[in-house]
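The values are calculated or read from the model by the stated rules, or taken from the named source; none is laboratory data. Note that the coordinates shown come from a computational prediction; the quantities given were computed from them, not determined experimentally. As a convention, Cβ positions derive from the backbone with ideal geometry for all residues, glycine included, and neighbour counts pool all protein chains shown.
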């Protein structure tokens, strides 16, 4: 039996909330706006929970048809929804974390202007994200894909009167579009070769195809193009540059969109298309390489950042790199597992950072923080949970997910593992650096516990805080209100316990998560050898079908687990050394490294390179050719020219109307002569 | 032979008077030249045997219309023409135009009118036959032209009347 | 026996003189007289052709032309009088208010 769960309601409920708040919210009180937003978002979450309760009565995969959309000859795309274990996980993450962040935002944005607009955009984002996750064909998913890009743009540029925020929104949208271009071409190829964009149809058509061993086959092309789209959305090399700038938006936006949900859309899409990717090993390798490099690259930049949100932004890019690495070695469920735990601890990190910023009335520069753990204890403890989770320390959530990724990466190629472990070290280091700089030591900022209205707006730094961010002088450092703290606590609990459903066999667990997602990824995996060893190694390729734990090799796995833990703790120790024990050490090392340090500090000058290579020529070319040349020179000139021409012609001709009777007579005579000549010519032809 | 001589003589008078009309600067002189033209044309009609038309020409054209012209010239006290800056168009485009047109027409007429000649008195100028035509076949044009003349009379009276003469008469107290 | 073409040449000459007078004369009345000259030229050609074809309807047509010429002359002169009253001039170059 296949009951109709009315899945379409899940995206539509936040849409209704967005419509109400968007159209009428200007006149509502804040309480009314809050109620509408939370009601509809909460309703979506409640429905998601209900779907979970009904889940085990469904046949997999469960599709629901809502309405016909495109029927063009043999091509068909409908408003239809798709539910399987993967969608269920994503659904719960998006609605659950989204709902918590909505609650948090009520407190965070309470003093801001445009309150109703914020919640309208947030609900709109939820609508698009849920459409993306529940779509049953690529076209509907693309609508959600584009829509979350739009919502991201609207929310990043929420304080649009600020130049940097508006530019950041534009940058995010434009860089996303470059990825979307790849996505679109992939869709076109899918339509051309498989005649449909429906998941079931496409995957059934692709499944019998054999794996492409050489580079440039159809599936490889499609997969690489899909990867381009995913890079744009999930901020991987080369399209990651928008994410650090996106920190201009309010912190709940960073938490929801740029940590927990939107940026994971790329990972979700790749996992959903695993059937295609598994048959294009070259593409998978590219995915893994990009993921690994991005993880390392972003982590290295995160080490030197001084703005608390920027550190977390680069951390997000780095963790997404891990997820891509996992997908690249066909460990899709490991990637999704990390996606889920990452949503918990990164969302928590951002929210807690927002709480810190709120408590410091807008300060974001870590060099002016310190010693806050006694003053904002709830924030401190929740952030601690998140920091330990992301560093990958047992038994927090991040430990299990990251470890599984590293183990699976090792089985594909030890280089991935090595870089992954080093990145884990960097991750631990910069996260604990953040932890120590913010909560320990001496308070280095300007605020005091007494009344002090110093606003941080005139501080320069790696990320000047928005003038809007909390310019209320509550006076001194204060803890956030309960409405902000409760989501922090819930997420902290999840960060601690969230990994326990994925405990691997080597540690005595059952890895229920892997088993749960097994049916999604197992049934269609081809017979492919994933082992790309660099040189002939002695280790036998272990086929790792999803959902099954190898009964052998636990020893090696435990050793690697130990290495990961050691690495995490060494990062903690080093951070303690540098930022608590001997705080002058970082400066000395920075001086010693000189030019290299400077390069990393300037984010390897990637933005500048892009500006010179792509942006400037494009802008100049548009200005010179398209604007001056074509728009002004051709189109405007044609219109103006035809008007001028008409005017000139009539100017000349009007001299005929001189009012002089004799000239009229002259014209008549000429006309008569012409007519006579013509008639004579006709007669004598 | 006589026909040809008479034609030439009166033709030359006609042409000379027409040129004189152009050359004279005082309109009264032009009017009198026009009378000469009409007179000589009447003789030409007689040569062709159209006595009725010749008579009507003299009575109506030369006798009534030209009198009207002279009358108006004297009423308006028209003097010599002043030289005003005329229209360049009429001089430089019109004159060549009319020259070309007339040359073309003349060429066509001369080369294609055949070698037939017209005898003197070729037309039966019997008024009775003309009347027959006028009141039988051309009855409708005849009646229409009578209405036309009526309208012309009314129009001329209204147009030429003095403005105050057209005001409604004032209340006599 | 005069060839028809002689009559037609004379008629054309009269017509050309009439057009030329229309173009180069400045006095309105003289221009009107040129128009009458044109009409006369046309009349002559009508009668000449009627004589050649031995058709009386040519003469009748001349009759009508004359009637129309008379009506037109009457009305035209009345207009000239009215124009003279307002513009105080008989010079056609001065009656040029209707220009663009």
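Regarding segment C:57-70, can at least one residue be identified that is in contact (Cβ under 8 Å) with a residue 40 or more places away in the chain and crowded, with 22+ Cβ neighbours inside 10 Å? Among the residues of segment C:57-70, not one is in contact (Cβ under 8 Å) with a residue 40 or more places away in the chain and crowded, with 22+ Cβ neighbours inside 10 Å, which makes the answer no.
As for segment A:236-244, it holds no residue that is crowded, with 23+ Cβ neighbours inside 10 Å and at positive phi. Would a scan of segment C:15-27 turn up a residue that is within 14 Å of chain A (Cβ to nearest Cβ), part of a strand (DSSP E or B) and buried (at least 19 other Cβ atoms within 10 Å of the Cβ)? Yes, that holds for at least one residue. Among the candidates C:97, C:77, single out the residue that is assigned to a loop (DSSP other than H, G, I, E, B) and either under 25 Å from residue C:24 (Cα atoms) or within 14 Å of chain A (Cβ to nearest Cβ) (or both). Checking each option against the conditions leaves just C:97. Restricting the search to helices (runs of 4 or more DSSP H) fully inside segment A:589-685 and requiring at least 3 residues that are surrounded by fewer than 12 Cβ atoms within 10 Å (Cβ to Cβ) gives A:616-621, A:637-653, A:661-683. In this structure, does residue A:256 turn out to be in contact with a helix residue (DSSP H, G or I) (Cβ under 8 Å, 6 or more places away or on another chain) and modelled with pLDDT of 90 or more? So residue A:256 does not fit the description; no.
Please go through segment B:39-56 and pick out each residue that is within 7 Å of chain C (Cβ to nearest Cβ) and either surrounded by fewer than 24 Cβ atoms within 10 Å (Cβ to Cβ) or in a helix (DSSP H, G or I) (or both).
Result: B:41, B:44, B:45, B:48, B:49, B:52, B:53, B:56.
Do we have residue C:35 as more than 7 Å from chain B (Cβ to nearest Cβ) and surrounded by 22 or more Cβ atoms within 10 Å (Cβ to Cβ) here? When the stated conditions are applied, residue C:35 does not pass them. I need the full set of residues from segment A:305-328 which are surrounded by fewer than 24 Cβ atoms within 10 Å (Cβ to Cβ) and within 13 Å of the chain's Cα centre (by Cα), in order please. Listed by number, the list is empty, since nothing qualifies. Does residue A:25 satisfy the condition of being over 30 Å from residue A:85 (Cα atoms) and crowded, with 21+ Cβ neighbours inside 10 Å? Yes; evaluated as a whole, the condition is true for this residue. Return yes or no: is residue A:66 under 27 Å from the mean Cα position of the chain (by Cα) and over 21 Å from residue A:485 (Cβ atoms)? No, not satisfied.
Being under 27 Å from the mean Cα position of the chain (by Cα), surrounded by fewer than 24 Cβ atoms within 10 Å (Cβ to Cβ) and within 23 Å of residue A:110 (Cα to Cα) is true of residue A:362. Has segment C:27-37 got at least one residue that is within 20 Å of residue B:108 (Cβ to Cβ) and in contact with a helix residue (DSSP H, G or I) (Cβ under 7 Å, 6 or more places away or on another chain)? No, because not a single residue in segment C:27-37 is within 20 Å of residue B:108 (Cβ to Cβ) and in contact with a helix residue (DSSP H, G or I) (Cβ under 7 Å, 6 or more places away or on another chain). State the number of residues belonging to segment A:151-185 that are free of Cβ contacts under 8 Å to residues at least 60 places away in the same chain, assigned to a helix (DSSP H, G or I), over 20 Å from residue A:262 (Cα atoms) and in contact with a helix residue (DSSP H, G or I) (Cβ under 7 Å, 6 or more places away or on another chain). Count: 1.
Considering the conditions (1) over 21 Å from residue C:15 (Cβ atoms); (2) out of contact with any helix residue (DSSP H, G or I) (no Cβ under 7 Å at 6 or more places or on another chain); (3) within 14 Å of chain C (Cβ to nearest Cβ), residue A:634 is excluded by exactly one of them, (3). For residue C:52, the requirement of being away from chain A (no Cβ under 14 Å) and in contact (Cβ under 8 Å) with a residue 40 or more places away in the chain is met. Quick one: would you say residue A:139 is surrounded by fewer than 24 Cβ atoms within 10 Å (Cβ to Cβ), within 14 Å of the chain's Cα centre (by Cα) and either modelled with pLDDT under 95 or on the phi > 0 side of the Ramachandran plot (or both)? Here the answer is no, as residue A:139 does not meet what is asked. Here's a check for you: in segment B:17-38, which residue that is at the interface with another protein chain (Cβ under 7 Å from one of its Cβ atoms) and in contact (Cβ under 8 Å) with a residue 12 or more places away in the chain is farthest from residue C:41 (Cα to Cα)? Among them, the one singled out is B:27.
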